[in-house]
Protein chains: 2
Amino acid sequence: MLPSSTVENYLKALHQAETSREDKALVPMGQLATAVGVAPGTATTMVKALADSGLVEYEPYVGVRLSSAGAKLAALVLRRHRLIEQFLVEIVGMSWAEVHEDAEQLEHVVSDRLIERMDAMLGHPAVDPHGDPIPTPDGTVAAPDYHSLLTCPLHIAVTVTRVTDQDANFLRFLEKQDLKPGHSLEVEARDSAADSVQLRTSAGHQITIGTQAASKVLIEVS
Amino acid sequence: MLPSSTVENYLKALHQAETSREDKALVPMGQLATAVGVAPGTATTMVKALADSGLVEYEPYVGVRLSSAGAKLAALVLRRHRLIEQFLVEIVGMSWAEVHEDAEQLEHVVSDRLIERMDAMLGHPAVDPHGDPIPTPDGTVAAPDYHSLLTCPLHIAVTVTRVTDQDANFLRFLEKQDLKPGHSLEVEARDSAADSVQLRTSAGHQITIGTQAASKVLIEVS
DNA sequence: AGTCGCGTTTTGACAACTCAAAATATAGAA
DNA sequence: TTCTATATTTTGAGTTGTCAAAACGCGACT
Ligand SMILES: [Mn+2]
Ligand SMILES: [Mn+2]
Ligand SMILES: [Mn+2]
Ligand SMILES: [Mn+2]
């Protein structure tokens, strides 16, 4: 039985929730429900079904976690999603700000044949347009990033490697400010009272953004 | 309310059935059910719902026909299907024999944005890899073809323009015999007793095919 | 006119997914 | 320990799409 789009969406949401979580605690039902965009009771019902299929481990009143089978399936959905995004940007010429919505639908219907063809055309890329790592065909996902503009050292050159938000307006803003993955900059100051982070791009432009935004721009020291 | 994949499939099947039908008689339920791959009763139920939505005209015990609204919707689905096939062959480099299955799924999820981008990349093609006409964005479909290898005059040069069958093996066979759209040949003889048609390709090869197959290869005099 | 056969429709049931709202569990405050 | 706020689960119901099989309509043939 191949999983329905619905099942794939639950597994993917669960994977994302688990990844953006320091501890390895179970994901609470409410969070999953919100992520999938469904009423709490609906998530409970669905999770019980997923547990019966062996795709998740479920502890009533505590939360859910992907089983290894579920994690592998989620990784394959993520692989399709990200390869599609890379394809739409590199081959079709769409903007990195608008490909997410299309990928969200296409990820459930592209055949293995087509996805591997895309992968080959793109030269087996390691990351998608947002810097998100592309899982391998066997379901292995590369390790996550470490620092963001909110946590990295001040006054040293860093390179944007990944943006963990898909909002089109935010992505367009970053593009306009030369903050797409690959661009260099340094953090000049942080002001917790003002809730802001002050940046200087390699072109010399000075930009101030909020801490919420800063935490979504991941970097590596360059 | 945007139509579901299911509705799109019914409308498309109906469009095909109406097109491959000399008279403008209603399409019988049984034929529609077979085309969609569903039990007869299921088709009846669905058609009544479609009639309530104004997408078809339904006469109990007689058959169904697309309304103008339904015809337009069907044409848009067909447009997406055929542009996707052309894209997969021209840009992605897939075989004309294998793109139909992928297009069958993708046609229901590609966004307008993406489909128009593909259309532009392809230079606004008039036909897909099988020679099927691509409807315009407003739902206009070009006129059909006239002759096939079964009905055209003997001993004159003709060019293959369209193949009205999506079976991968058949398509691969045609490709191997230089009978893809664009290739020239002439019909040397027909033998109704043997149920066969004898061809000679422009390269001089002689091929004999059955009348069923011959009727699916449409041509124009060249 | 009467009967037969075949296609069509109806019926009853089911699977997958969803929601609103009532019931309940659990953890933390009093 | 008892109460209470909040998250979770349960319940009852609805939607969409499907099937098998019984019932039915209709044209064809006697
Ligand atoms: Mn995305
Ligand atoms: Mn991405
Ligand atoms: Mn096709
Ligand atoms: Mn085609």
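Derivation of every value follows stated rules applied to the coordinates shown; laboratory data play no part. All values reported here derive from a predicted model rather than from experimental measurement. When we count neighbours, we look across all protein chains shown, and the Cβ atoms used for this are built from the backbone with ideal geometry, even at glycine.
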Residue satisfying all of: in the stretch A:116-142; touching a residue at least 24 places away in the same chain (Cβ under 8 Å) and within 10 Å of chain B (Cβ to nearest Cβ); nearest to A:Ala168 (Cα to Cα) among these: A:Met118
Residue match in the stretch B:104-113 (condition: away from ligand 3 (no atom under 14 Å from the Cβ), surrounded by fewer than 17 Cβ atoms within 10 Å (Cβ to Cβ) and either among the small types (Gly, Ala, Ser) or within 17 Å of the chain's Cα centre (by Cα) (or both)): yes
Scan of the stretch A:186-204 for residues that are farther than 9 Å from A:His155 by Cα and not polar (S, T, N, Q), ordered by number: A:Arg190, A:Asp191, A:Ala193, A:Ala194, A:Asp195, A:Val197, A:Leu199, A:Arg200, A:Ala203, A:Gly204
Single residue of A:Gly54, A:Gly139, A:Gly70, A:Gly131 found to be crowded, with 16+ Cβ neighbours inside 10 Å, over 30 Å from A:Lys180 (Cβ atoms), small (Gly, Ala, Ser) and more than 16 Å from ligand 3 (Cβ to nearest atom): A:Gly70
Residues within the stretch B:1-25 that are within 14 Å of chain A (Cβ to nearest Cβ), within 18 Å of B:Asp132 (Cα to Cα) and within 14 Å of DNA strand C (Cβ to nearest atom), tallied: 0
Flag if A:Glu59 is more than 14 Å from every other protein chain (Cβ to nearest Cβ), more than 14 Å from A:Pro181 (Cβ to Cβ) and out of contact with any Pro (no Cβ under 7 Å at 6 or more places or on another chain): yes
Single unsatisfied condition, A:Gly139 versus (1) of a type outside the set (Asp, Glu); (2) over 18 Å from the mean Cα position of the chain (by Cα); (3) at positive phi: (2)
Odd one out for A:Phe87 among (1) more than 16 Å from DNA strand D (Cβ to nearest atom); (2) under 24 Å from A:Val36 (Cα atoms); (3) crowded, with 18+ Cβ neighbours inside 10 Å: (2)
Top-ranked residue in the stretch B:26-52 [being within 10 Å of DNA strand C (Cβ to nearest atom) and β-branched (Val, Ile, Thr); ranked as nearest to the other protein chains (Cβ to nearest Cβ)]: B:Thr42
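Would you check if A:Gly41 is more than 16 Å from ligand 1 (Cβ to nearest atom), touching a strand residue (DSSP E or B) at 6+ places or on another chain (Cβ under 6 Å) and without any contact (Cβ under 8 Å) to a residue 40 or more places away in the chain?
Numbers: more than 16 Å from ligand 1 (Cβ to nearest atom): yes; touching a strand residue (DSSP E or B) at 6+ places or on another chain (Cβ under 6 Å): no; without any contact (Cβ under 8 Å) to a residue 40 or more places away in the chain: yes.
For A:Gly41, the condition - more than 16 Å from ligand 1 (Cβ to nearest atom), touching a strand residue (DSSP E or B) at 6+ places or on another chain (Cβ under 6 Å) and without any contact (Cβ under 8 Å) to a residue 40 or more places away in the chain - is not met.
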Count of residues meeting criterion [part of a helix (DSSP H, G or I) and surrounded by 13 or more Cβ atoms within 10 Å (Cβ to Cβ)] in the stretch B:206-222: 4
Which numbered condition B:Ser95 misses (of (1) surrounded by 15 or more Cβ atoms within 10 Å (Cβ to Cβ); (2) within 14 Å of chain A (Cβ to nearest Cβ)): (1)
Filter result for B:Glu116 (within 15 Å of ligand 3 (Cβ to nearest atom) and among the acidic types (Asp, Glu)): no
Residue match in the stretch B:10-24 (condition: farther than 24 Å from A:Phe87 by Cβ, in contact (Cβ under 8 Å) with a residue 40 or more places away in the chain and in contact with a His (Cβ under 9 Å, 6 or more places away or on another chain)): yes
